[in-house]
1. Which condition number in (1) surrounded by 13 or more Cβ atoms within 10 Å (Cβ to Cβ); (2) free of Cβ contacts under 8 Å to residues at least 24 places away in the same chain is the one that Ala160 fails?
2. Of the conditions (1) more than 23 Å from Lys99 (Cβ to Cβ); (2) acidic (Asp, Glu); (3) surrounded by 15 or more Cβ atoms within 10 Å (Cβ to Cβ), Glu154 fails just one. Which one is it?
3. If you take the residues of segment 117-144 that are farther than 19 Å from Lys28 by Cα and among the polar types (S, T, N, Q), which of them is surrounded by the fewest Cβ atoms within 10 Å (Cβ to Cβ)?
4. Suppose we keep only residues that are among the aromatic types (Phe, Trp, Tyr) and at pLDDT 60 or above within segment 1-52. Which one would you say is surrounded by the fewest Cβ atoms within 10 Å (Cβ to Cβ)?
5. Could we say that Leu95 is under 23 Å from Thr127 (Cβ atoms) and modelled with pLDDT of 90 or more here?
6. Any idea which residue in segment 84-143 is farthest from Thr166 (Cα to Cα), counting only those that are hydroxyl-bearing (Ser, Thr, Tyr) and assigned to a loop (DSSP other than H, G, I, E, B)?
7. Any chance you could count how many residues in segment 22-73 are part of a loop (DSSP other than H, G, I, E, B) and more than 12 Å from the chain's Cα centre (by Cα)?
8. Out of all the residues in segment 91-109, which are in contact (Cβ under 8 Å) with a residue 24 or more places away in the chain and either out of contact with any helix residue (DSSP H, G or I) (no Cβ under 9 Å at 6 or more places or on another chain) or of a type outside the set (Val, Ile, Thr) (or both)?
Amino acid sequence: MKKLIFISILTSIFISYNNLYAYEVEDKLKSIIVGKIAKFINWENSNSKEFVITVYKNQLGNYFNSIHKGKKINDKKIRIEYINNIENLKYTNILYISKATSAELSSIFSHLNQKNILTISDLRGFTQKGGMIQIYSISQKLKLNVNLNKAKKENINIKASLLRMTNIVEGDNP
């Protein structure tokens, strides 16, 4: 009986560890994808000497810093910022929204109106609520939804080569 309980506990720990590892890998991939997406975007009026990625309510640990440290996007050194309040947002090229309620999203989108900032998140329904790019998972594969209308309104041009690999979400429902 003790042996059966011990095996059950080990199995439980192993399954939990594997699930945790899978989430860690997915979080790391999301951090990588944000940097890769940036290479397919043209920003109007981007005169900064740095390429800034701001993470709102970080849920991905230190992945953004570790992955993008010392790298460049569009020949600009990458700087990562973390904020917990949209009022603290400074200049940024990308706002990655890690965690937010529907009410917070509405407030964020109002705050960002016409600021030429690409919004990316893995939140369910993000692009339907007014975000630009949503990262989601199907059958253990990460995919992208793009709200092209919203991106165009913010003067963010997404290259056709990225659009061919995404699901285009029509409309703009902030």
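The values are calculated or read from the model by the stated rules, or taken from the named source; none is laboratory data. What you see is a predicted model; the values in this text were computed from it and never measured. Every residue, glycine as well, gets a Cβ built from its backbone with ideal geometry; the counts of neighbours run over all protein chains shown.
1. It fails just one condition, (1).
2. (1)
3. Once the filter is applied, the top-ranked residue is Gln128.
4. Taking the candidates together, the pick is Phe40.
5. Spelling it out, Leu95 is indeed under 23 Å from Thr127 (Cβ atoms) and modelled with pLDDT of 90 or more.
6. Tyr91
7. 13
8. Matches in segment 91-109: Tyr91, Thr92, Asn93, Leu95, Tyr96, Ser98, Lys99, Ala100, Ser102, Leu105, Ser106, Phe109.
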